[in-house]
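Visitor: Before I ask anything, let me first share the structure, which is written out below as structure tokens.
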Amino acid sequence: MSNSIPEDTFPGEVQMSLVEHLEELRRRVLRSLLAVVVGAAVCLVGVRPLVKLLEVPAEGIRFLQLAPGEFLFVSLKVAGYAGLTLALPYVLFETLAFVLPGLSRRERRLVAPAVAGSTVLFAAGLAFAWWALVPAALRFLVSYGADVVEPIWSIERYLDFVLLLMVATALAFQLPVLQLLLGALGLIDWRTMLGAWRWVVLAAALAGAVLTPSTDPITMLLLTGAITALYLLGVALVALAEGLRPTPSPST
């Protein structure tokens, strides 16, 4: 007789009332928000180097402060985005600490790979936007009409463009993790995912148009291609996971 513990059991399950669940959720949300605020405050101290770093892709462009206090609000915005990025691991920890008691043993084994993969892909999305999307978009936007107008930009509008594009790309890079979780939970298989590739290309094109803060076709095509490639990577990961899954032994 096998003594193995069933994978669908819930270890360490604690019975809590709805009010206790809501109270715990409130505490964890407040701690997560506090971590974001602390991270933003730390980044605010060094916000000037961060702004100069974000200006690097726009080489040769002059930036203006078009309203009183514009750079102050820009500094707060940049520090907020950077603080959220720094606090993200702790926010994930608080989220997992709240969710874990309701997961079975099999589902808990997916948590660590999912969090690690999500973190790596988030960083990869930021890097891809920084090294590929932002320069491509700026080259197109600067060259278009360069013989008619001189590019002198508002620092706030420019940073809104860069930050939104980077964050949107980093979020889009979470697609393979979502696919892997759905496949691991048995909600969908890789053949079904692969069979829907035409719809995925269409959805990727729409997402590229929606997530791109500019209207240039170069950025939209790059983002569409990246989302499609990530989807195919997710299909490959689900197929690999299904191939490595042990087949149940026949009962005797």
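Visitor: Return a whole-number percent for the relative contact order of the chain, with Cα pairs under 8 Å and 6 or more residues apart as the contact set. Intermediate results must be reported in sequence, preceding the final value.
Guide: Details: 233 pairs, mean separation 55.8, N = 252.
It comes to 22 percent, rounded to a whole number.
Visitor: Quick one: Debye curve from the alpha-carbon atoms of segment 111-207 only, equal weights, vacuum; give me log10 I(q)/I(0) at q = 0.13, 0.14, 0.25 Å⁻¹ to two decimals.
Guide: -0.63, -0.70, -1.28
Visitor: With all protein chains present, how much of the accessible area of segment 42-107 (probe radius 1.4 Å) comes from carbon and sulfur, to the nearest whole percent? Let's see the in-between values first.
Guide: Numbers: 2860 of 4070 Å².
After summing per-atom areas, the C and S share lands at 70 percent.
Visitor: Treating only the Cα positions of segment 147-200 as identical point scatterers, give the base-10 log of I(q)/I(0) from the Debye formula at each q in 0.13, 0.28, 0.30 Å⁻¹.
Guide: Each listed q maps to, in turn, -0.57, -1.06, -1.10.
Visitor: Relative to the longest principal axis of the C-alpha atoms of the chain, give the angle of the C-alpha long axis of helix 18-45, reported between 0 and 90° and rounded to the nearest 10°.
Guide: Once rounded, one gets 30 degrees.
Visitor: Convert each backbone phi in segment 111-125 into a coupling constant with the Karplus relation 6.51 cos²θ - 1.76 cosθ + 1.60 (shift: θ = phi - 60°), then list the ³J(HN,Hα) values in order as whole Hz, x for Gly and Pro.
Guide: Each residue of segment 111-125 in turn: 5, 4, x, 5, 5, 4, x, 5, 5, 5, 5, 4, 5, 5, x Hz.
Visitor: State log₁₀ I(q)/I(0) for segment 28-136 at q = 0.15, 0.19, 0.24 Å⁻¹ as given by the Debye formula over alpha-carbon point scatterers of equal weight, solvent excluded.
Guide: -0.81, -1.08, -1.31
Visitor: Suppose all protein chains stay in the model; what accessible area per residue would a 1.4 Å probe give for segment 37-82, in Å²? Could the numbers behind the result be given before it?
Guide: Numbers: 2910 Å² over 46 residues.
On a per-residue basis, 63 Å².
Visitor: Taking 1 over the mean of 1/r across every pair of different Cα atoms in the chain, what Kirkwood radius in Å do you get? Write out the running numbers ahead of the final one.
Guide: On the way: mean 1/r = 0.0470 Å⁻¹.
About 21.3 Å for the chain.
Visitor: For the chain, find the longest principal axis of its Cα atoms and tell me its angle to the long axis of helix 175-184, 0 to 90°, nearest 10.
Guide: Taking Cα atoms only, the helix is inclined about 10 degrees.
Visitor: Given the rule -39500 (n - 2.57) for each run of at least 4 DSSP H residues, summed and divided by the residues of the chain, what is its mean residue ellipticity at 222 nm, to the nearest 500 deg cm²/dmol? Walk me through the intermediate numbers first.
Guide: Values: 11 runs with 176 residues, N = 252.
It comes out at -23000 deg cm²/dmol, rounded to the nearest 500.
Visitor: Here's another thing I want to ask about it. Applying a 10 Å radius around every beta-carbon, put 163-171, 108-116 in order of their mean neighbour count, most first. Mind showing how you got there, number by number?
Guide: Values: 163-171: 19.6, 108-116: 14.4.
Sorting 163-171, 108-116 by mean packing, highest first, produces 163-171, 108-116.
Visitor: While we're on this one: Can you give me the C-alpha center-to-center distance between segment 22-51 and segment 72-88, rounded to a whole angstrom?
Guide: 9 Å
Visitor: If I build a Gaussian network model for the chain, linking alpha-carbon pairs within less than 10 angstrom, which residue out of 136, 82, 241 has the largest mean-square fluctuation?
Guide: Of 136, 82, 241, the Gaussian network model singles out 241 as fluctuating most.
Visitor: Next up: With the dipole of the chain worked out from charges on the C-beta (+1 for Lys and Arg, -1 for Asp and Glu) around the Cα centre, which of 183, 195, 159 lies farthest toward the positive end?
Guide: Checked the options; the winner is 183.
The values are calculated or read from the model by the stated rules, or taken from the named source; none is laboratory data. Just so we're clear, the structure is a prediction, and the values are computed from it rather than from any experiment. Every residue, glycine among them, receives a Cβ derived from its backbone with ideal geometry; neighbour counts consider all protein chains shown. Each accessible area value is taken on the protein alone, full model and side chains, heavy atoms only, with ligands, DNA and RNA left out. Shrake-Rupley method; radii C 1.70, N 1.55, O 1.52, S 1.80 Å.
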